[in-house]
Structure formats: C-alpha cells, structure tokens
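What follows is a set of notes on a single structure, which appears directly below.
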Amino acid sequence: MDTSRPVRHVTHAATVPRLEPPVPTTTTTSPSEGAAATPAATTCVRQGSPRSTVDHVADFYGAYIDALHDIGRGVLADALRRHYLTPELRRRLTRWEAVHHQDGVLRTENVPTAWEAAYNDSGMGHCWSHVTLTRQEPATPARRIRLLIRSDLATRLISDIRAAE
C-alpha cells in the first residue's frame, strides 16, 4: 500500500444530494386554485444556530405552531414547551391559560398562519426578542399579535412571554 499519498474519502452522489443555493422567486396563485391558494410569497433562505438565543425563540415558535396546526395540542406541543420554556414560565402559563382560556404561548385561542422573530435587546443575562404572530382567514384582514419574549442567555430557555407594547 502506498502511504505517500493522502487517503481521500469519496461520497457517492446518490447518497448525499448536492444542494444548490436557493434562488429567490415570486410565486403567485390564481383565485381558481381555491382553498389551497396562498398569497404571493417570496422564497427565502432560513438559517439558524443552536447557539443563538433569538434562533432558539424562532425555532420554538415555528415548531410549536407547526405542531398545533398539524395535530393540535397534545404530547408534541407539551414536549416542546418542556424543552424550550423554563419550569417557572410553564407554571405561570398554566395559571394564565386557566383565567384567559387561550394558549399562553400564542396569547390567542387560534393557531397563527405565520410568525416571525427578531432580536430586540439584551442585558443582565437576558435577551428580548419580538415575535409577531399573524392570523389570516379568507376574506378577512390579517390579525397580528406582537409579543415580547425574554430568554435566559445562559440556557437560551424562554423565561417570559408578554404582549409587546
């Protein structure tokens, strides 16, 4: 065996797909497409980091809303709460939900149709993110709920959810 040349590992193209960079496109739908139609949308790149506190908030809201939309409140939604929220916040949300009869994470009883998260501020061991939830029903104006989310920087766990002012 010739040891003077470095060993090169070859990966078969069939097992690892080659990913091309996404190309921004605009998609439009016609009224004839009915209930499956969605408003014009621009494809965008989504990225994140497990070390980013704001990405942690965005990941939670994306997964939580997907779970509620797909299967409703249940084992998965509860597991996401246990993974992303502090125990103290979960206790406070239980009390808040009993009084308001709404989902305390979303501050509404309906599942949003869109969400976005953005950095707001940080200091004293916490990071604050703005989350905007949008609920759009056919033939009605969009309803937006704006939340201020506090996360602990050391753990990235969400420790408070409040209505943004």
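The values are calculated or read from the model by the stated rules, or taken from the named source; none is laboratory data. Owing to the predicted nature of the structure, the values given are computational and were not obtained by experimental measurement. Neighbour counts run over all protein chains shown; Cβ positions are idealised from the backbone, glycine included. Just the protein is used for accessible areas: all its heavy atoms, side chains included, with ligands, DNA and RNA removed. Shrake-Rupley method; radii C 1.70, N 1.55, O 1.52, S 1.80 Å.
Table for the structure above
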{"quantity": "Hits in the range 133-154 - residues which are acidic (Asp, Glu) and in a loop (DSSP other than H, G, I, E, B)", "calculated": "137"}
{"quantity": "Test result for residue 104, of a type outside the set (Phe, Trp, Tyr), in contact with an Asp or Glu (Cβ under 6 Å, 6 or more places away or on another chain) and either open to solvent by less than 40 Å² (accessible area, probe 1.4 Å) or closer than 19 Å to residue 48 by Cα (or both)", "calculated": "yes"}
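Quick grid of which residues meet (1) open to solvent by 70 Å² or more (accessible area, probe 1.4 Å); (2) farther than 24 Å from residue 48 by Cα; (3) among the polar types (S, T, N, Q):
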| site | (1), (2), (3) |
| --- | --- |
| 68 | no, no, no |
| 73 | yes, yes, no |
| 82 | yes, no, no |
| 90 | no, yes, no |
| 100 | yes, yes, no |
| 127 | no, no, no |
| 139 | yes, yes, no |
| 146 | yes, no, no |
| 152 | no, no, no |
